[in-house]
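Heads up: the structure comes next, in C-alpha cells.
The values are calculated or read from the model by the stated rules, or taken from the named source; none is laboratory data. Since the model is a prediction, treat every value here as computed from it, not as a measurement. Here the Cβ is made from the backbone with ideal geometry for all residues, glycine too, and neighbour counts use every protein chain on show.
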Amino acid sequence: MFFDPLYIGLIVATLLIAGGAQLYIRSTYGRWNRVPNGARLSGAQIAEFLRERATFGDKPGHDAITAIKLVPGNLSDHFDPRDRSLGLSQAVAEQPTVAAMAIAAHEVGHAQQHAEGSALMKLRSLLVPAATLGPNVAYILIFAGLIFQLTGLVTLGILFFGIAVLFSVLTLPVEIGASRRALAMLDSTGIITSPDEKRGAQSMLTAAALTYVAAAVTSILTLLYYLTLARRSS
C-alpha cells in the first residue's frame, strides 16, 4: 500500500488540501486578531452577552449554556453538548478582537442549535465515538485484509471508515449553520457596529468552514482509495 502511486497521490492531495485550509484560517485569524471589535468586548464577554440577550428556542440562556470556561490550546474553542458548556481558548476568551468575537459567537451558535434540537447536530453527536475510532480500526482491518487476502476484512474496514466520512459530511451543514446563527445573533443584539467589522466576522467564519470542507474532501478521497483497494483485492 505504501508504495502504491495512487496512495502517494492521496497523501500529496491530503497535505495540499488540509495544509492550504489551515494556512488560510491562520492567515485570516492573524489579520482579524489584530483588529479590535467595536464593542470592545473579549470573546468571553461576547459569549456571556449573547447568552443573556440571544434566543435559544424555549430555553433561557443559562440553560442553553451552563458555563463559559477556558480550555487549553490554540483555536481549540468548542461547545460541548454533553454538559452544555462553552470552552474558549485563552486568546479568544481574553482578547476584544473581531476574530475573537466571531469565534465566540460561532460556538454560541452551536449552543443555539443544541437548544433548538437540531436533528443534524444530534446525529453528529451520536456518531462521535464511532467516527473517533473508525479511521484507526478501518486501517487495521483493511491492512490485515490485504495481507491475508480476506476480502471480508477489507469490506468491514471500509464500512468503519465510511462512518467517519459520514461524520465529516454531516459536520459541514452543522458548522455552516452555526456560523449563520452567529452572524444573525451579532447583528440582532447590536454587537456588530460597522460593515467592515461584519466583513471581518464573515471572513473568519468562512475560513473556519473551509477547514471542515477540506476534512470532508480528504476523507472522501481516502474512502475512494479504500474502495479501489477493495476492487483490486476481490
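Across the range 31-65, the number of residues qualifying as more than 22 Å from Ala178 (Cβ to Cβ) and either in contact with a Cys (Cβ under 6 Å, 6 or more places away or on another chain) or not in a loop (DSSP other than H, G, I, E, B) (or both) comes to 1.
Selection over the range 126-172 of residues that are within 21 Å of Arg84 (Cβ to Cβ) and exposed (fewer than 15 other Cβ atoms within 10 Å of the Cβ) gives a count of 4. The residue pairs whose first member lies in the range 76-93 and is basic (Lys, Arg), whose second member is not in a strand (DSSP E or B), and whose beta carbons are closer than 8 Å, counting only pairs six or more residues apart or on different chains, are Arg84/Asp63; Arg84/Ala64; Arg84/Ile65; Arg84/Thr66; Arg84/Ala111; Arg84/His114.
For first residues located in the range 105-120 and under 24 Å from Leu41 (Cα atoms), partners that are among the hydroxyl-bearing types (Ser, Thr, Tyr) and surrounded by fewer than 24 Cβ atoms within 10 Å (Cβ to Cβ) and lie 6+ apart or on another chain with Cβ distances below 8 Å form the pairs His106/Ser179; Gly109/Ser179; Gln112/Thr55.
Scoring Asn74 on the criteria (1) modelled with pLDDT of 95 or more; (2) closer than 24 Å to Ala39 by Cα; (3) of a type outside the set (A, V, I, L, M) leaves a single failure, condition (1).
Reported count of residues in the range 46-68, each being hydrophobic (A, V, I, L, M, F, W, C) and exposed (fewer than 14 other Cβ atoms within 10 Å of the Cβ), is 1. Looking at Thr193, Thr222, Thr228, Thr155, just one residue is in a helix (DSSP H, G or I), of a type in the set (Val, Ile, Thr) and either under 29 Å from His110 (Cβ atoms) or touching an Asp or Glu at 6+ places or on another chain (Cβ under 6 Å) (or both), and that residue is Thr222.
Among the candidates Ala184, Ala164, Ala178, Ala201, the residue that is in a helix (DSSP H, G or I), modelled with pLDDT under 95 and among the small types (Gly, Ala, Ser) is uniquely Ala164. Scan the range 143-171 for residues that are in contact (Cβ under 8 Å) with a residue 40 or more places away in the chain and under 30 Å from Gln113 (Cα atoms) and the total you get is 9. Determine whether Val213 is closer than 24 Å to Thr55 by Cβ, at pLDDT 95 or above and among the β-branched types (Val, Ile, Thr). For Val213, the condition - closer than 24 Å to Thr55 by Cβ, at pLDDT 95 or above and among the β-branched types (Val, Ile, Thr) - is not met. Which of the residues spanning the range 97-124 are surrounded by fewer than 17 Cβ atoms within 10 Å (Cβ to Cβ) and either assigned to a helix (DSSP H, G or I) or β-branched (Val, Ile, Thr) (or both)? Within the range 97-124, Ala119, Leu120, Lys122, Leu123 qualify.
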